[in-house]
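Accompanying notes for the structure given below.
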Amino acid sequence: MSQKAKTAKESYVVMTELVLPNDTNTFGNLMGGRLMYWMDIAAALAAMKHCAAPVVTASVDNISFENPIKLGNVVHIEAKVSRAFNSSMEVHMKVWGEDAIQQYRYKSNEAYYTFVALDPNGRSRPVPQLVPETEEEKDLFESALRRRQLRLILGGKMKPSDATELKALFQL
Ligand SMILES: CC(C)(COP(=O)(O)OP(=O)(O)OC[C@H]1O[C@@H](n2cnc3c(N)ncnc32)[C@H](O)[C@@H]1OP(=O)(O)O)[C@@H](O)C(=O)NCCC(=O)NCCS
């Protein structure tokens with residue numbers, strides 16, 4: 001049975017955390033691993049809102065940390081499904097640091113995580129299609145096909161010769 005398509009904004013989640021001493025490295029910055037853990041939870045919540053089913057993390061794309069987040073600063077993780085495929089969903093995240101005392105915000109990084117919806121027997125199950133509305137959502141939706149092919153090749157799940165979207169990108 002086909003499921004009703006949902007908009008990207010219906011999956012929108014913001015997670016807010018305060019960076020405490022136990023979250024930091026010896027430079028007093030938030031540890032990358034702790035941030036990736038929080039991002040995993042925020043992204044999983046967005047994916048679950050989209051498909052109304054339990055999900056597992058299938059893959060995490062490369063993450064570049066542009067700016068460190070300091071001890072005592074606030075972390076905001078914005079997560080939204082950027083495209084749904086058959087049983088998998090790509091979630092796009094933007095991560096911001098905030099100095100709540102000096103009152104400024106700065107971008108830390110962006111990332112894509114992929115989740116797969118599972119049925120009660122632990123098998124992958126279909127998810128609703130995603131309808132992008134804003135220009136940014138449409139751009140993310142279009143480019144998601146290329147990112148999917150790249151991650152499936154890197155994960156050994158697709159032959160490079162089958163990656164038509166990626167080939168088109170390099171044959172301009
Ligand atoms: C993710 C998982 C369910 C996929 O299992 P699978 O046997 O490859 O399942 P399927 O072949 O039916 O593929 C299901 C979906 O997973 C996607 N997928 C599989 N490997 C992937 C990868 N490395 N990156 C992105 N998506 C992937 C497939 O593209 C497919 O998506 P689609 O249905 O939208 O086309 C399975 O590998 C798993 O359970 N992994 C462990 C998840 C986990 O425990 N995560 C927490 C970290 S330990």
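All of the numbers you see were taken from the coordinates with simple rules; none came from a lab. This structure is a prediction, so every number in the text was calculated from the model and none was measured. Counting neighbours? That spans all protein chains shown, and the Cβs are built from the backbone with ideal geometry, glycine included.
Computed per residue of the chain from DSSP H runs no shorter than four, each worth -39500 (n - 2.57), the mean residue ellipticity at 222 nm is -9000 deg cm²/dmol.
Packing-wise, with mean Cβ within 10 Å as the measure, how do 55-63, 98-106, 124-132 rank, highest first? Write down the numbers at each step before the final one.
Values: 55-63: 15.8, 98-106: 11.2, 124-132: 18.0.
Ranking, from highest mean packing down: 124-132, 55-63, 98-106.
To make sure I understand the rule: partners must be lysines, Cα under 20 Å from the Cα of Lys167, and not fewer than 8 residues away in the same chain. Which ones qualify? In chain and number order, the partners are Lys157, Lys159.
If only the Cβ of Lys and Arg carry +1 and only the Cβ of Asp and Glu carry -1, the dipole of segment 6-132 around its Cα centre is close to 320 debye. Couplings 3J(HN,Hα) for segment 37-48, derived from phi with the Karplus relation 6.51 cos²θ - 1.76 cosθ + 1.60 (θ = phi - 60°), are 5, 4, 4, 4, 5, 4, 5, 4, 5, 4, 5, 5 Hz, where x marks Gly and Pro. Any chance you could count the Lys pairs in segment 6-132 whose alpha carbons are under 21 Å apart, treating pairs 8 or more apart or on different chains as valid? Value for segment 6-132: 14.
Given a cut-off of 24 Å, what percent of all Cα-Cα pairs of segment 6-132 lie beyond it? Present the calculation step by step, with values, prior to reporting the outcome.
On the way: 2482 of 8001 pairs.
Here the tail beyond 24 Å accounts for 31 percent of pairs.
Here the 3J(HN,Hα) profile of segment 73-86, calculated from phi with Karplus coefficients 6.51, -1.76 and 1.60 at θ = phi - 60°, is 7, 9, 10, 10, 10, 9, 10, 8, 5, 9, 6, 10, 10, 8 Hz, Gly and Pro shown as x. Close amide H pairs (under 5 Å, H built 1.01 Å from N) link Thr24 with Met31, residues at least 5 positions away or on another chain.
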